[in-house]
Amino acid sequence: ITMNYTKVYLQLLRESIDRAPEFGITRPCMINTDKVRDDDFERANYLIQREWPKITNSISGYLGNRCVALASIVFALLVSHGFKADIVIGTVHHQGERIFPCTFETLLKEVRSPGGVDDAVAMHAWVTLGGDTIIDGGMLSRLVRTGEAPERFDRQYFWTRAGLLSQKSDMQYHPLVVGSQFIALINEIDPWIQVEAYRAMLSGKMPQKVA
């Protein structure tokens, strides 16, 4: 079963990369559908794990509906440290139910007239290094709130592969569009600004301890 959903996910990811220009996304996609090596994925996870307390300290309250902000920060952290990564916008099916009501059409509509009340709730954002990799900062908090995950997972992120997640948790991520620029197009802060901020910190232009 794992392999099957991996295939489905990669097909959806490929389509999501290809349709980015329809949204007005002009930045080149930073990832592809090739398999990401385990050690690269682990290195990325190590970096996020190290910075996660700082990231969550900057966002108070419930993280389950802050997926755009979390994806933007994780994306910026990874890219500024030399990883190839991008942001995926889409929906998630859990135990047969669709958690986020967005479709290709609603996302397109949102780009054409940004600023509706339900946007953040209607779509989901996660980070990928490419292939079937998923890094998600908001989902566990959401599952804790609905009683589907233990309290200790609140405000934690997870990193996994699409087929594995489908097999272990009956949760299927459905990419709809790939590109960090999508965030800017819906009138949120462009994640690229955060990439530049991290790069400035890393090059010592801002006071910041770097391990």
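Computed values, structure above
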item	result
Among residues of segment 167-182, those that are modelled with pLDDT under 95 and in a helix (DSSP H, G or I), counted	3
Helices (runs of 4 or more DSSP H) enclosed by segment 1-95 - at least 2 residues per element that are hydroxyl-bearing (Ser, Thr, Tyr) and under 20 Å from residue 171 (Cα atoms)	2-18
Matching residues, segment 161-191, being under 23 Å from residue 4 (Cα atoms), surrounded by fewer than 19 Cβ atoms within 10 Å (Cβ to Cβ) and not aliphatic (A, V, I, L, M)	167, 168, 169, 170
Close pairs from segment 174-193: first among the charged types (D, E, K, R), partner part of a loop (DSSP other than H, G, I, E, B), Cβ under 6 Å, at least 6 apart	none
Test: residue in segment 38-50 that is hydroxyl-bearing (Ser, Thr, Tyr) and closer than 21 Å to residue 141 by Cβ	no
Within segment 33-60, tally of residues that are open to solvent by 70 Å² or more (accessible area, probe 1.4 Å) and either within 20 Å of residue 183 (Cβ to Cβ) or among the small types (Gly, Ala, Ser) (or both)	2
Criterion: touching an Asp or Glu at 6+ places or on another chain (Cβ under 7 Å), among the hydrophobic types (A, V, I, L, M, F, W, C) and open to solvent by less than 10 Å² (accessible area, probe 1.4 Å) - qualifying residue of 107, 77, 70, 63	77
Subset of segment 32-67 (residues that are at pLDDT below 95 and small (Gly, Ala, Ser))	58, 60, 61, 64
Among residues of segment 137-176, those that are under 22 Å from residue 44 (Cβ atoms) and hydrophobic (A, V, I, L, M, F, W, C), counted	9
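The values are calculated or read from the model by the stated rules, or taken from the named source; none is laboratory data. Predicted model only: the values in this text are computed from it and were never measured. Counting neighbours? That spans all protein chains shown, and the Cβs are built from the backbone with ideal geometry, glycine included. SASA here: full protein model, heavy atoms, side chains in, ligands and nucleic acids out. Shrake-Rupley method; radii C 1.70, N 1.55, O 1.52, S 1.80 Å.
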